[in-house]
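Notes for the one structure printed next.
The values are calculated or read from the model by the stated rules, or taken from the named source; none is laboratory data. The model shown is predicted, which means the values in this text are computed figures rather than measured ones. A quick note on method: Cβ atoms are made from the backbone with ideal geometry, for glycine too, and the neighbour counts reach across all protein chains shown. Note: areas computed on protein heavy atoms with side chains; ligands, DNA, RNA excluded. Shrake-Rupley method; radii C 1.70, N 1.55, O 1.52, S 1.80 Å.
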Amino acid sequence: MYFAEGWARWQGLMQQIGVFDHSNTFNQLMVAYSEPHRFYHTTEHIAACLRELELTRNLAESPAEVELALWFHDAVYDVRSHTNELDSAQWAVQFLQHAGDGLTISSEHVYDHILATAHLSSIPEAPTPEVSTDSALVVNIDLTILGQHPAIYNQFEANIRREYQHVSIDLYRQKRREVLQHFLHQPEIFSMMYFRERYERAARQNLEGAISSLS
C-alpha cells in the first residue's frame with residue numbers, strides 16, 4: 001500500500017468512527033509495518049486485507065470495526081514473541097481509548113477481532129472460544145493468502161521463511177510443517193461460506209504442496 005493510498009483510506013475510516021487526532025498513530029503503524037525484519041507482514045498484507053474487505057463488506061455487522069481490526073491485527077510482529085496478537089489488540093484499544101467522546105465503534109469488539117487472528121494457541125489444551133461474525137470475517141480475510149494463485153502463495157512461503165531466517169532450516173521445516181498441517185487438518189479452513197467457496201480448494205492444494213516441499 002503506497003503511503004498516499006493508505007493515508008486517504010485511514011482518514012476516511014477515522015472520520016467514519018469519530019476519531020480526529022490520528023495522524024501520529026497512522027505514522028506509527030506505517031513505521032511498524034515497514035520494520036526491516038518483515039517480509040510478509042507489511043503494508044502490502046494490510047492492503048490486500050482491505051481489498052478483500054471491499055468485496056465482503058456486506059458480510060460485516062460493523063464494517064468499521066472490522067476495518068480497524070485489519071489495520072492493527074499485525075501491528076506488533078516479533079517472530080520470537082507469543083503475544084503479538086495480544087499486543088496489537090492492546091495497541092488498538094489504547095488508541096481508541098484516547099479518541100474522545102465522539103467514538104462510534106466498540107474498542108472491545110476490535111480487541112476481540114484482533115485476538116481471533118491468533119490461529120495457533122500457545123496453550124494447546126485451551127478451548128476454542130466462540131467468535132462473532134465480524135471476528136470470523138477478520139480471520140477469514142487474514143487467511144485468504146492460503147488460497148491464492150500458487151505463485152503468490154509460494155512467494156508468501158518464501159517471505160515467511162525470510163522472517164524466520166534466524167531459525168535453522170531443519171527446525172524451520174519441522175515447525176512450519178506443524179503450522180501448515182494444523183490448517184490442513186481442519187474440517188474447514190474457512191469458517192464463512194463465501195471464503196470456502198472461493199478459496200478452500202486452492203488453499204488445501206497450496207498447503208499440501210508446501211508440506212511436501214518441506215519434507
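For first residues located in the stretch 190-215 and at pLDDT 95 or above, partners that are hydroxyl-bearing (Ser, Thr, Tyr) and lie 6+ apart or on another chain with Cβ distances below 7 Å form the pairs Phe190/Tyr199; Tyr194/Thr56; Phe195/Thr144; Tyr199/Thr144; Asn206/Tyr153. For Val19, the criteria (1) farther than 21 Å from Val139 by Cα; (2) open to solvent by 40 Å² or more (accessible area, probe 1.4 Å); (3) in contact (Cβ under 8 Å) with a residue 40 or more places away in the chain hold in every case but one, which is (2). When the stretch 156-178 is filtered for residues that are closer than 22 Å to Glu35 by Cβ, of a type in the set (Lys, Arg) and either without any contact (Cβ under 8 Å) to a residue 60 or more places away in the chain or in contact with a Cys (Cβ under 8 Å, 6 or more places away or on another chain) (or both), the ones remaining, listed by number, are Arg161, Lys175, Arg176.
So which of Ala126, Ala151, Ala118 is modelled with pLDDT under 95 and loosely packed, with under 12 Cβ neighbours inside 10 Å?
On inspection, the qualifying residue turns out to be Ala126.
Close contacts from the stretch 26-47, counting a first residue that is among the β-branched types (Val, Ile, Thr) and a second that is surrounded by fewer than 17 Cβ atoms within 10 Å (Cβ to Cβ) and modelled with pLDDT of 95 or more, with Cβ to Cβ under 8 Å and a gap of 6+ residues or different chains, come to Thr42/Ser34; Thr43/Met30; Thr43/Ser34. Condition test on Leu86, is it under 17 Å from the mean Cα position of the chain (by Cα), more than 22 Å from Phe156 (Cα to Cα), in a helix (DSSP H, G or I) and of a type outside the set (Gly, Ala, Ser)? Here the answer is yes, as Leu86 does meet what is asked.
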